Number of protein chains: 2
Amino acid sequence: MKFDLIKTDEKSKARAGVIETAHGKIETPIFMPVGTVASVKGVHQRELEEDIKAQIILGNTYHLYLRPGLDVLEQAGGLHKFNGWERPILTDSGGYQVYSLSGTRKIVEEGVTFQSHIDGSRHLFTPEGVMDIQRTIGADIIMAFDECTPYPCEYSYAKNSMEMTHRWLKRCCDRFDETEGKYGYDQTLFPIVQGSTYKDLRKESAEKIASFEREGNAIGGLSVGEPAEEMYEMAEIVCDILPADKPRYLMGVGTPENIIENIALGVDMFDCVMPTRNARNGMVFTSEGIMNMKNKKWEKCFEPLDPNGTSFVDSFYSKAYVRHLFVSKERLAGQIASIHNLAFYLWLVKEARRHILEGDFTSWKDSIVPKLRNRL
Amino acid sequence: MKFDLIKTDEKSKARAGVIETAHGKIETPIFMPVGTVASVKGVHQRELEEDIKAQIILGNTYHLYLRPGLDVLEQAGGLHKFNGWERPILTDSGGYQVYSLSGTRKIVEEGVTFQSHIDGSRHLFTPEGVMDIQRTIGADIIMAFDECTPYPCEYSYAKNSMEMTHRWLKRCCDRFDETEGKYGYDQTLFPIVQGSTYKDLRKESAEKIASFEREGNAIGGLSVGEPAEEMYEMAEIVCDILPADKPRYLMGVGTPENIIENIALGVDMFDCVMPTRNARNGMVFTSEGIMNMKNKKWEKCFEPLDPNGTSFVDSFYSKAYVRHLFVSKERLAGQIASIHNLAFYLWLVKEARRHILEGDFTSWKDSIVPKLRNRL
């Protein structure tokens, strides 16, 4: 993997760059649609490519390990071949899902034992095992196995957990470095900064993570319920420590506003289920604000879904029609809103990048952030 | 509306023709995807047009009347404007849904009182009212208000019901002929033959319906649970009576085999929820037979979904991937299978038409029908 930092904004810490992977280039800052179980929910791969203009998507190790399973993925030739997505893929380490989805799970130094949310079967994830799994999935960017602490989190728990995450990282790196990609192309490993909402722990963790000198670095354990201001504070502390010549990935973030604010702090990569999950519930994000498509006010609004939108759904479908589909619980409702929201997120980061390159990012940010909060 | 009968097969009664409507031409025999509530479930309009190559879709009067309602549809400028489908639309009369979906309903000479399946509200459908509703929906082809008898059905009930359907037809025609389309284009009214599975009633009804000399005619009350042989017997009796120079529409039919067999009897138009409903349950129809995509046998079958298929999903997605999506209950599973099945149905009627025109329909039919039944 290669990262070119093209420009850093003068009035903020926002950056524009390009990541090169075996499956193509990614222009940063970037948003990565979440394709949990080898599919971005309700969205065809060609829509991701042609309409949403996604440059990289995310897969979930926990889900893919359980279904379709490593045997199928390996015989398919990896996830790219399995789902037909030929551009870059990033996989998380499965840690977050193990903690949030599985029933009884036990965290010890060796790793985590957990029960499948599908059939209750027992499994063990270790740092080494998770590297092997992600080698088999074949993602371009794979994540270290960490513990994502909840919010709020006792200081002593956060500290002990962070230290274990650091020890696990050593094991991840060792295993990763002594193995090779299975499908003839390179993969890269990103470590993850933890430390909950404690400044000293975040600082310590960021320094430790930076010392591993991997090709990119991630910030985990945020967007788990803490106030946005705390998230920004932690992201800033960490970004100021992580090396400038490597991409920084803030995991699981967030609202359009969260993304712009974190770009300003020096974050380059984001993922979140919000654009698709909220889409399925009728929430549509636009450059003028947020629409609840189930609202009666759209009943006879025959204007395009989003006159400023970049995807075909924005001009083809009217607000009234989309509202009707949501009220009638038609599947097409979620499909339309998912395409729209993802295209909007991709437009938003592309706009941020353009303004960074053109030198007016901060004034653009100041003008768009208040609009993003509007309730239309 | 205009119908050109281009060719009738010499060894069967199969016909190839062209229907011209205000929204474009329809090459017959044709299959019409069902867009119940102004949406073909899970399918984008551009997919219907570009990938499935649908020439006409169906809307359900009962559903559209309840949601989005006539007020919205009229202000939108009709259903075409509302859902963005610019090709022909046919609406059923709502009769079938009133009988099958609503709770307490009462059929009297005046019409049918029923309760909405959505909110229990009470409504009255009369022949005149249903004409007005379909004028407002703005379909190119609208259907007479009839009673669709269940199967099995007592002779006396079937006879009385048929006679009422004939009296209702007179009222439908009177109302239709004294009104005009609301959006500046012509609509046409098809009457419906009833008579359950009684030959004499079917004959009587077909003669009565033909005597109204409308621009096309439909056969209702079949595909409601009777054996296929009875369906074919009734369709043949009716087709032999209905005028040859007008299109014949067999409502609610059916499996790929049913469609080919009825084309051979002289039917020109079909609709059915089967390709989309069964798709959502994992059933995929192909020219080599039927696949249950949830079956374990596809787990590691990385071949294309359907090498003979005509839509993008057939070559882009593998059987193993589609199986994985069904097992994982991913929305994309139903979307892929719906596009495939509809494209297959449209391919099937197009092939039938080609073979009618080329003069080898019967031998093609004999070779393909046994394959359509295969369980792969």
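The values are calculated or read from the model by the stated rules, or taken from the named source; none is laboratory data. No experiment lies behind these values; they were computed from the predicted model shown. FYI the Cβ positions are ideal-geometry reconstructions off the backbone, even for glycines, and counts take in every protein chain you see.
You will find that of B:Ile52, B:Ile30, the residue that is of a type in the set (A, V, I, L, M, F, W, C), under 29 Å from B:Gln97 (Cα atoms) and under 15 Å from the mean Cα position of the chain (by Cα) is B:Ile30 and no other.
Considering only residues that are of a type outside the set (Val, Ile, Thr) and either outside any loop (DSSP other than H, G, I, E, B) or within 12 Å of chain A (Cβ to nearest Cβ) (or both), which ones fall in region B:104-116? Walk me through it before giving the result.
Kept after step one, since they are of a type outside the set (Val, Ile, Thr), are these residues of region B:104-116: B:105-106, B:109-111, B:114-116.
Passing the criteria: B:Arg105, B:Lys106, B:Gly111, B:Phe114, B:Gln115.
Is at least one residue of region B:170-181 aromatic (Phe, Trp, Tyr) and either over 22 Å from B:Ile142 (Cα atoms) or part of a helix (DSSP H, G or I) (or both)? Yes; the residues of region B:170-181 include at least one that is aromatic (Phe, Trp, Tyr) and either over 22 Å from B:Ile142 (Cα atoms) or part of a helix (DSSP H, G or I) (or both). Look at (1) outside any loop (DSSP other than H, G, I, E, B); (2) not assigned by TED's automatic domain parsing to the domain that holds A:Tyr249 and you find that A:Lys329 fails only one, number (1). Looking across A:Leu48, A:Leu58, A:Leu64, one residue alone is hydrophobic (A, V, I, L, M, F, W, C) and touching a helix residue (DSSP H, G or I) at 6+ places or on another chain (Cβ under 6 Å). It is A:Leu64. Scanning region B:302-337 for residues being facing chain A (nearest Cβ under 9 Å), crowded, with 23+ Cβ neighbours inside 10 Å and touching a residue at least 60 places away in the same chain (Cβ under 8 Å) gives a total of 3. All but one of (1) within 20 Å of the chain's Cα centre (by Cα); (2) surrounded by fewer than 18 Cβ atoms within 10 Å (Cβ to Cβ); (3) within 14 Å of another protein chain (Cβ to nearest Cβ) hold for A:Gly24; which doesn't? In the conditions (1) within 20 Å of the chain's Cα centre (by Cα); (2) surrounded by fewer than 18 Cβ atoms within 10 Å (Cβ to Cβ); (3) within 14 Å of another protein chain (Cβ to nearest Cβ), A:Gly24 misses (3) alone.
Tell me, which strands (runs of 3 or more DSSP E) wholly within region B:183-302 include 3 or more residues that are under 21 Å from B:Arg375 (Cβ atoms)? I'd like the intermediate steps shown before the answer.
Details: elements: B:188-190, B:217-219, B:248-250, B:269-271, B:283-286, B:289-292.
Because the criterion is at least 3 residues that are under 21 Å from B:Arg375 (Cβ atoms), the strands (runs of 3 or more DSSP E) in region B:183-302 that meet it are B:283-286, B:289-292.
Among the residues of region A:299-321, write down those that are aliphatic (A, V, I, L, M) and more than 18 Å from B:Leu66 (Cβ to Cβ). If the condition is that a residue be aliphatic (A, V, I, L, M) and more than 18 Å from B:Leu66 (Cβ to Cβ), then A:Leu305, A:Val313 are the ones that fit. Can you list residue pairs whose Cβ atoms sit under 7 Å apart, with the first residue in region A:345-364 being of a type in the set (Ser, Thr, Tyr) and the second being surrounded by fewer than 16 Cβ atoms within 10 Å (Cβ to Cβ) and not in a helix (DSSP H, G or I)? Count only pairs 6 or more apart in sequence or on different chains. Listed pairs, sorted by first residue: A:Thr362/A:Lys11.
Looking at region A:75-99 only, could you name the residues that are small (Gly, Ala, Ser) and either free of Cβ contacts under 8 Å to residues at least 40 places away in the same chain or within 14 Å of another protein chain (Cβ to nearest Cβ) (or both)? Hits for region A:75-99 are A:Ala76, A:Gly77, A:Gly78, A:Gly84.
Evaluate the following for A:Tyr345: is it touching a Pro at 6+ places or on another chain (Cβ under 9 Å) and within 14 Å of chain B (Cβ to nearest Cβ)? Let's see the steps before the verdict.
On the way: touching a Pro at 6+ places or on another chain (Cβ under 9 Å): yes; within 14 Å of chain B (Cβ to nearest Cβ): no.
Considered against the rule, which asks whether it is touching a Pro at 6+ places or on another chain (Cβ under 9 Å) and within 14 Å of chain B (Cβ to nearest Cβ), A:Tyr345 comes out as no.
Number of residues in region A:279-301 that are in contact (Cβ under 8 Å) with a residue 60 or more places away in the chain and within 11 Å of chain B (Cβ to nearest Cβ): the value is 1.
Regarding A:Glu47, is this residue at pLDDT 95 or above and under 16 Å from A:Ser311 (Cβ atoms)? Yes.
When A:Pro152 is tested against the conditions (1) of a type outside the set (Lys, Arg); (2) in contact (Cβ under 8 Å) with a residue 12 or more places away in the chain; (3) part of a loop (DSSP other than H, G, I, E, B); (4) under 30 Å from B:Lys297 (Cβ atoms), the lone failure is (4). Of the listed requirements (1) away from every other protein chain (no Cβ under 13 Å); (2) assigned to a loop (DSSP other than H, G, I, E, B); (3) closer than 20 Å to B:Gly181 by Cβ, B:Gly120 misses just one: (3). Residues in region B:172-222 that are crowded, with 17+ Cβ neighbours inside 10 Å, without any contact (Cβ under 8 Å) to a residue 40 or more places away in the chain and of a type in the set (D, E, K, R): B:Arg202, B:Lys203. Before we move on, is B:Ile52 touching a Leu at 6+ places or on another chain (Cβ under 6 Å) and within 14 Å of chain A (Cβ to nearest Cβ)? Taking the combined requirement at face value, the residue satisfies it. Taking the criterion of being in contact with a Cys (Cβ under 9 Å, 6 or more places away or on another chain) and surrounded by 24 or more Cβ atoms within 10 Å (Cβ to Cβ), the residues of region B:41-97 that qualify are B:Ser93, B:Gly95. If I filter region B:193-212 for residues that are closer than 14 Å to B:Gly95 by Cβ, out of contact with any Pro (no Cβ under 9 Å at 6 or more places or on another chain) and either assigned by TED's automatic domain parsing to the domain that holds B:Gly111 or not hydroxyl-bearing (Ser, Thr, Tyr) (or both), do I get at least one hit? Within region B:193-212, one or more residues are closer than 14 Å to B:Gly95 by Cβ, out of contact with any Pro (no Cβ under 9 Å at 6 or more places or on another chain) and either assigned by TED's automatic domain parsing to the domain that holds B:Gly111 or not hydroxyl-bearing (Ser, Thr, Tyr) (or both).
Anything in region B:163-188 that is of a type in the set (A, V, I, L, M) and more than 21 Å from the chain's Cα centre (by Cα)? List them, or say none.
Of all residues in region B:163-188, those of a type in the set (A, V, I, L, M) come to B:164, B:169.
Within region B:163-188, B:Met164 is the sole residue that qualifies.
Taking A:Ala139 as the residue in question, decide whether it is in contact (Cβ under 8 Å) with a residue 60 or more places away in the chain and not aromatic (Phe, Trp, Tyr). Against the criterion (in contact (Cβ under 8 Å) with a residue 60 or more places away in the chain and not aromatic (Phe, Trp, Tyr)), A:Ala139 qualifies.
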